[in-house]
Amino acid sequence: MTDLIDDGTGPALVFLHGSGVDNLLWEPQRAAFRQVYRLIIPNLPGHGGVPPARSVEDMADRVQAQLQALDVQRYALVGLSLGGMVALEMAARWPEQVTHLALIESVPAVAHTRLMRNVLGLCLQPLRVIPPRLLVRLPARSLGAQTQDSAQYVKTAMARLSAAQTHALLQLAVVYDGRPHLTELRMPCSVTVGAENRQTHTRAQAMAKVIPTCRYQIIEGARHIVNRDAPEAVNAALATLLAT
């Protein structure tokens, strides 16, 4: 596994994975789009061999610096879960560079108040000492996977992280609040959720309503790891957005 995949030729298409996994999350999309696009798929900070970040904003800075180093000045962004938060931050801060934005199983804020952030922070404390190799023994659905392929991938990826890494990454998501950015976005946008992961539906749909000209869509037969649970449906939805 490499910490930065740069594959294909054409317009740049950047994929950002979620917390606790890695850039191999996007292998079904890499196979589908590499003939038409230049795919740039980094490991986010705190994953693989990439040093951790201080915040989601720091993650956005680091990904943007990678793109600048690759001389990528215009790009479409696809982000899942925590990667969607990073993508949202990047689209708001560098709108002249982001041509399209696809947010998958992502919300702009996990906690809407300081009290909620504090409560969730306390709830995450046990993860500081529970090794992910034990967490992967949970049922696949508890890890966000609906299909066997998705479950196998998630369990393999999660087991590579330490308890400290897992806790730190989830804590970054808890304290981030991208809601002020939503009305600023003007590029073609989509918000996608898995039909079987209803926890995200209300907030994701609310986000889509606030973003101008944003399409909200539900992918059947999928949970949190939508792009692996239903790759053909996700690929078709991305192709539609990118053609806009």
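The values are calculated or read from the model by the stated rules, or taken from the named source; none is laboratory data. Since we're looking at a predicted model, the values are computed, not measured. Cβ sites come from the backbone with ideal geometry, for glycine too, and all protein chains shown count toward neighbours. Areas reflect the complete protein model, heavy atoms only, side chains present, ligands, DNA and RNA absent. Shrake-Rupley method; radii C 1.70, N 1.55, O 1.52, S 1.80 Å.
Identify, from the list L182, L169, L238, the residue that is in contact with a Pro (Cβ under 7 Å, 6 or more places away or on another chain) and assigned to a helix (DSSP H, G or I).
Details: L169 fails: in contact with a Pro (Cβ under 7 Å, 6 or more places away or on another chain); L238 fails: in contact with a Pro (Cβ under 7 Å, 6 or more places away or on another chain).
That would be L182, the only listed residue that is in contact with a Pro (Cβ under 7 Å, 6 or more places away or on another chain) and assigned to a helix (DSSP H, G or I).
Quick check on my filter: what residues within region 216-235 are crowded, with 16+ Cβ neighbours inside 10 Å and assigned to a loop (DSSP other than H, G, I, E, B)?
The answer is A222, R223, H224, I225, A230.
Only one of these is assigned to a strand (DSSP E or B), closer than 22 Å to R223 by Cα and within 18 Å of the chain's Cα centre (by Cα): V191, V154, V174. Name it. Even if it seems obvious, please write down each step before you answer.
Details: V154 fails: assigned to a strand (DSSP E or B); V174 fails: assigned to a strand (DSSP E or B).
Of the residues listed, the single one that is assigned to a strand (DSSP E or B), closer than 22 Å to R223 by Cα and within 18 Å of the chain's Cα centre (by Cα) is V191.
I need the full set of residues from region 20-29 which are modelled with pLDDT of 95 or more and either part of a helix (DSSP H, G or I) or in contact with a Leu (Cβ under 8 Å, 6 or more places away or on another chain) (or both), in order please.
If we filter region 20-29 for residues that are modelled with pLDDT of 95 or more, which is where we start, we get 21-29.
Scanning region 20-29 gives N23, L24, L25, W26, E27, P28, Q29.
Run P11 past the list (1) out of contact with any Phe, Trp or Tyr (no Cβ under 6 Å at 6 or more places or on another chain); (2) open to solvent by 50 Å² or more (accessible area, probe 1.4 Å) and report the number of the one that doesn't hold.
(1)
Which one is surrounded by the most Cβ atoms within 10 Å (Cβ to Cβ) among residues in region 180-200 that are of a type in the set (S, T, N, Q) and free of Cβ contacts under 8 Å to residues at least 40 places away in the same chain? Break it down stepwise before answering.
Here is the first cut: in region 180-200, the ones of a type in the set (S, T, N, Q) are 183, 190, 192, 197, 199-200.
Checking which are free of Cβ contacts under 8 Å to residues at least 40 places away in the same chain leaves us with 183, 199.
On the way: T183: 11, Q199: 13.
The qualifying residue surrounded by the most Cβ atoms within 10 Å (Cβ to Cβ) is Q199.
Taking region 36-49, which residues are open to solvent by less than 30 Å² (accessible area, probe 1.4 Å), in a loop (DSSP other than H, G, I, E, B) and farther than 14 Å from T166 by Cα?
Correct list: N43 only.
Can you name the condition, by its number, that P212 falls short on among (1) crowded, with 16+ Cβ neighbours inside 10 Å; (2) not in a helix (DSSP H, G or I)?
(1)
Tally up the residues in region 117-133 that are open to solvent by less than 80 Å² (accessible area, probe 1.4 Å), without any contact (Cβ under 8 Å) to a residue 60 or more places away in the chain, of a type outside the set (S, T, N, Q) and part of a helix (DSSP H, G or I), please. Quick ask: steps written out before the conclusion?
Looking only at region 117-133, we keep the residues that are open to solvent by less than 80 Å² (accessible area, probe 1.4 Å), and these are 117, 119-121, 124-127, 130-132.
Of the ones still in play, those that are also without any contact (Cβ under 8 Å) to a residue 60 or more places away in the chain are 117, 119-121, 124-127, 130-131.
From the residues that got through so far, the ones that are of a type outside the set (S, T, N, Q) too are 117, 119-121, 124, 126-127, 130-131.
Still in the running and part of a helix (DSSP H, G or I): 117, 119-121, 124, 126-127.
Matching residues across region 117-133 total 7.
Out of the residues in region 140-158 that are of a type in the set (G, A, S) and open to solvent by less than 50 Å² (accessible area, probe 1.4 Å), state the one that is nearest to P212 (Cα to Cα). Break it down stepwise before answering.
Restricting attention to region 140-158, the residues satisfying the condition of being of a type in the set (G, A, S) are 140, 142, 144-145, 150-151, 157.
Subset that is open to solvent by less than 50 Å² (accessible area, probe 1.4 Å): 140, 144-145, 150-151, 157.
Values: A140: 35, G144: 29, A145: 31, S150: 32, A151: 35, A157: 35 Å.
Ranking the qualifying residues of region 140-158, first place goes to G144.
Determine which member of the set Q68, Q73 is of a type in the set (S, T, N, Q) and outside any loop (DSSP other than H, G, I, E, B). Before the answer, list the steps.
Details: Q73 fails: outside any loop (DSSP other than H, G, I, E, B).
Testing whether each residue is of a type in the set (S, T, N, Q) and outside any loop (DSSP other than H, G, I, E, B) leaves just Q68.
Test T200 against the stated conditions and say whether it is part of a helix (DSSP H, G or I) and either acidic (D, E) or in contact with an Asp or Glu (Cβ under 9 Å, 6 or more places away or on another chain) (or both). Before you say what the answer is, go through the steps one by one.
On the way: part of a helix (DSSP H, G or I): yes; either acidic (D, E) or in contact with an Asp or Glu (Cβ under 9 Å, 6 or more places away or on another chain) (or both): yes.
For T200, the condition - part of a helix (DSSP H, G or I) and either acidic (D, E) or in contact with an Asp or Glu (Cβ under 9 Å, 6 or more places away or on another chain) (or both) - is met.
Pick out the one residue from L39, L44 that is touching an Asp or Glu at 6+ places or on another chain (Cβ under 8 Å), within 20 Å of Q97 (Cα to Cα) and without any contact (Cβ under 8 Å) to a residue 60 or more places away in the chain.
Working: L44 fails: touching an Asp or Glu at 6+ places or on another chain (Cβ under 8 Å).
When all the criteria are applied, what remains is L39.
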